[in-house]
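*Asks:* Following this message is one structure expressed as structure tokens.
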Amino acid sequence: MTWLNGTINEAVNDEKKEKDDDYDIIMPDHSPTHLALRIKEDSVPQPQFACKVSVHRVDRDGLIVKVVPPAEPVANETRGPMELVLLIDVSGSMNDLAPVPPSSEGEESEQKGFTVLDLTKHAACTLVESLNKHDTLCVVTFSTDCKVLFQALHMDSKNKSFAKEKILSMQPEEYTYLWSGMRLALDQLSGNPCMTGAIKIFTDGQPNERLSNSIIAAMGRWCKERGLQNMPVPIHTFGFGYKLQDGLLQSIAEFGGGDYCFVPDTSMLGTVFNHAVANLKVTYAHDATMTLSYPNFLDLTELGLYIGKAAPKKVTSEREGAHVEYSINLRTIRFGQSRDLFFQLRDRSGELSKTQRHSLRSSCIRATLKYRQGREIKWVSAESGLSINNPRLSSAEIAFHTSRAMLVEFLSQLFPLTERDEHKALLDHRIPTSNDIQHLVSRLPASNFIHDPLNLGLIMDLVGAENKKGEIELALQNGSWQKWGRHYLSSLLMAHQYQKCFSFKDPGTQHYGKGSQLFCNELDVLDGLFDSLPAPPASRLPVAPAPRLPAPPSYDDTVAGRHVTPIPTPIKMSRYRKPGSNCFAGNTKVLVVDPANGTTKTMPIEKLRPGDTVKTLQGKSKAVRTVLECHTDQAKGRTMTVITVNDATALWVTPWHPVSQDGGSTWFFPAEAYPEEKHPEMLERQAEDIANDHAINVEGLWGATMGHGLISKDGEESDVRVHEFYGDWDAVARSLDELPQSGGLALGNGTTTDEITGRSSGFLPL
């Protein structure tokens with residue numbers, strides 16, 4: 001869309017801070033019969049809530065209910081213990097070869113003899129290493145026969161070694177008896193409410209056992225026989241490859257209160273699994289339910305379609321008289337990650353007679369959150385009148401939540417429910433066209449706030465930015481939908497619906513996790529473990545697979561013209577967790593700004609993406625325009641230098657990238673070389689910018705970003721940042737836009753050289 005191809009302004013971070021909510025209510029005890037008391041700000045000191053709830057009438061036809069948990073456990077407390085059961089598919093197809101992803105678009109795939117099951121073993125061993133002695137792990141395998149590989153063990157050092165040995169011993173068998181495996185996995189649960197429990201299912205195919213009804217019906221019977229309304233722990237499904245019955249995996253996750261995560265190819269296995277485990281490790285509360293109570297003259301509708309979606313109920317109580325109650329299953333709540341519910345609202349109060357108006361006992365909307373922490377059940381409530389005079393949310397945040405709900409509604413229509421309570425993807429001739437997507441974007445409030453990172457991410461998911469199409473648009477193209485689009489979009493739907501980040505790829509989901517430093521820390525640990533653990537033994541000799549048809553590179557497993565050749569060199573497991581790699585080493589910590597509240601934190605620069613917000617040397621918050629990935633190459637002179645920042649920190653940077661150690665007073669070039677990936681970056685531009693507006697904080701030092709505005713004039717170059725090309729924002733932008741794009745990164749392979757000056761004049765494509 002042409003209107004999106006201009007400069008994206010500075011992210012909106014200086015919005016008016018949310019006012020203290022004098023409508024918040026605390027439940028003094030845990031009895032559902034104890035009446036809530038309104039706490040007035042001017043009469044009693046504001047209590048310290050563990051979890052906050054607020055209600056916002058945001059428009060004539062919109063309502064947002066916010067749930068904001070604490071950012072992290074209270075001081076000196078750690079996360080609670082976890083009880084995990086891995087249910088792993090060991091059917092024959094798990095023995096399919098899994099080629100090593102190429103480092104770049106032009107390279108060849110490497111065939112090391114690894115199978116899908118081998119990589120699953122490595123992901124499981126990563127999980128083992130990330131657990132502590134208070135956590136338990138059990139592994140169940142399913143094929144024609146279902147077996148308990150080992151029963152629940154506390155993950156101390158001795159049991160970790162045993163668990164990894166058993167995991168590495170798994171071998172492929174025959175068929176895919178999924179429900180039999182699920183029953184056996186459910187039987188392994190202890191039922192301890194003080195532990196965060198979960199079942200994680202890994203499969204690459206379609207179940208082929210004969211059942212009298214669907215697996216969803218079988219799950220319902222299992223619960224009913226035990227007097228349960230829901231499954232005892234969340235059930236998460238991971239679908240690998242393109243032969244999936246994705247509608248079933250989505251339905252199992254919905255009914256089970258978990259997530260469906262699509263793993264398109266080997267390069268995504270590590271990142272998808274690690275994100276899922278990190279999300280689990282930051283669980284704050286379980287069995288969360290939001291109940292809205294409101295007058296009969298209001299109609300509220302939650303957008304989207306999912307299994308177990310309840311309908312509003314008309315009820316009568318002594319306190320409120322006749323009113324409506326609407327319950328939403330929030331499942332789990334995570335530290336530092338808000339849950340935001342948007343409802344379409346229709347107000348029919350104008351249709352009431354005077355007598356009916358006078359008989360109303362309440363004209364407020366009350367939201368009550370019920371959740372469990374261990375054995376303790378808690379309630380938090382808030383209420384709001386119907387006035388929309390003083391919204392306590394910024395216009396950008398309102399636009400984001402409204403647009404997110406509209407996107408969820410759009411995606412859910414692609415996967416209607418069948419009579420068997422299973423989602424089924426639409427046939428090719430019924431999927432939306434490019435015109436339908438453009439029409440949706442034109443209706444989204446987010447399209448009016450593309451300077452805001454949250455809203456920009458949604459738009460980029462749909463239609464991309466500049467000369468790269470969005471993944472949703474690509475997934476709905478002819479030829480893509482049946483191969484990978486339907487698998488990918490059913491997973492993306494759940495990510496947006498439950499506000500979870502499943503991988504590094506999708507711009508619109510990145511902000512769900514980045515607001516939680518706890519989540520980012522857990523993810524960093526898991527990524528480090530995945531990369532550093534020894535590769536599993538390869539199960540098959542390298543064999544070149546048959547040619548496959550090309551598909552869009554972001555979510556397909558092949559690239560046109562690529563030849564697969566066995567190369568007998570050692571392999572780094574980071575190739576199976578490829579976030580793309582940034583003139584700074586990929587693990588360099590950069591200072592970024594949370595767009596939701598303006599707070600700062602650090603994150604690895606390799607995870608920085610367009611639309612993210614960074615803090616500049618001038619103290620401003622600026623949006624990232626482009627991140628360029630290049631790989632260092634000693635033979636080609638592309639090397640890196642180490643700068644000691646302090647006793648505990650060192651910064652890897654290319655030798656001729658200007659840096660400052662004294663807050664921008666002086667700038668210098670580093671020296672010495674070291675091979676590593678490098679990540680230069682470019683910020684958005686504004687009319688009043690000066691050079692220090694284009695510098696970011698990396699490991700405590702300041703590094704210049706490209707397009708800083710300092711260009712050689714009259715031969716005077718007193719500032720080492722002066723450069724004819726790197727200082728010219730327009731020239732850098734043009735060159736970056738000509739590079740191939742992947743995963744939010746511009747892919748480069750060095751630079752062109754000016755024949756006269758001998759200095760860099762542009763970027764070479766990868």
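All of the numbers you see were taken from the coordinates with simple rules; none came from a lab. Here the structure is a predicted model, which means the values were calculated and not measured. Neighbour counts are summed over all protein chains in view; Cβ atoms, including those assigned to glycine, are modelled from backbone coordinates with ideal geometry.
*Asks:* State, to one decimal in nm, how far the label point of D145 lies from the label point of Y175, with both points 7 Å from Cα in the Cβ direction.
*Replies:* Computed distance between label sites D145 and Y175 equals 1.5 nm.
*Asks:* May I pose another question? Which FRET efficiency value, to the nearest 0.05, is calculated for N478 and R226 with the Förster distance at 60 angstrom and r the Cβ-Cβ distance?
*Replies:* The formula returns an efficiency of 0.80 here.
*Asks:* Sort D145, D594 so that the residue with the fewest other Cβ atoms within 10 Å of its own Cβ comes first and the one with the most comes last.
*Replies:* D145, D594
*Asks:* So if we plug the beta-carbon distance of D730 and Q618 into 1/(1 + (r/R0)^6) with R0 = 30 Å, what FRET efficiency do we get, rounded to 0.05?
*Replies:* So the FRET efficiency works out to roughly 0.90.
*Asks:* Sticking with this one: Quick one: if you stick a label point 7 Å off each Cα along the C-beta vector at L168 and T752, how many nm between them?
*Replies:* Here the answer is 5.1 nm between the modelled labels.
*Asks:* Among E325, E83, E77, rank each residue by its count of other Cβ atoms within 10 Å, from fewest to most, as a rough exposure measure.
*Replies:* If I rank by nearby Cβ atoms, fewest first, I get E77, E325, E83.
*Asks:* By counting other Cβ atoms within 10 Å of each Cβ, how are D246, D265, D347 ranked from fewest to most?
*Replies:* D347, D265, D246
*Asks:* Determine the alpha carbon to alpha carbon distance for each of K243/K589; K200/K589; K243/K500; K200/K370 and list only those over 28 Å.
*Replies:* Distance filter (> 28 Å) returns K243/K589; K200/K589.
*Asks:* If you don't mind, there's one more thing I want to ask. Calculate, in nm to one decimal, what R60 and V315 gain on full extension: separation in residues at 0.36 nm each, minus their alpha carbon distance.
*Replies:* 89.3 nm
*Asks:* Assuming 0.36 nm per residue, please report the length gained on full extension of the stretch K378 to S395 beyond their Cα-Cα distance.
*Replies:* 3.0 nm
*Asks:* How much FRET efficiency would the formula 1/(1 + (r/R0)^6) give for S327 and C364, where r is the Cβ-Cβ distance and R0 is 22 Å, rounded to 0.05?
*Replies:* My answer for the efficiency is 0.80.
*Asks:* For the pair D719/S532, report the inter-label distance in nm, with labels modelled 7 Å from Cα in the Cβ direction.
*Replies:* 4.0
*Asks:* Based on alpha-carbon centroids, what's the gap between the stretch 263-321 and the stretch 433-475 in Å, whole number please?
*Replies:* 25
*Asks:* While we're here: Can you give the extra length, in nm with one decimal, that the chain gains between L386 and D436 once fully stretched, where that is 0.36 nm per residue apart less the Cα-Cα distance?
*Replies:* 14.6 nm
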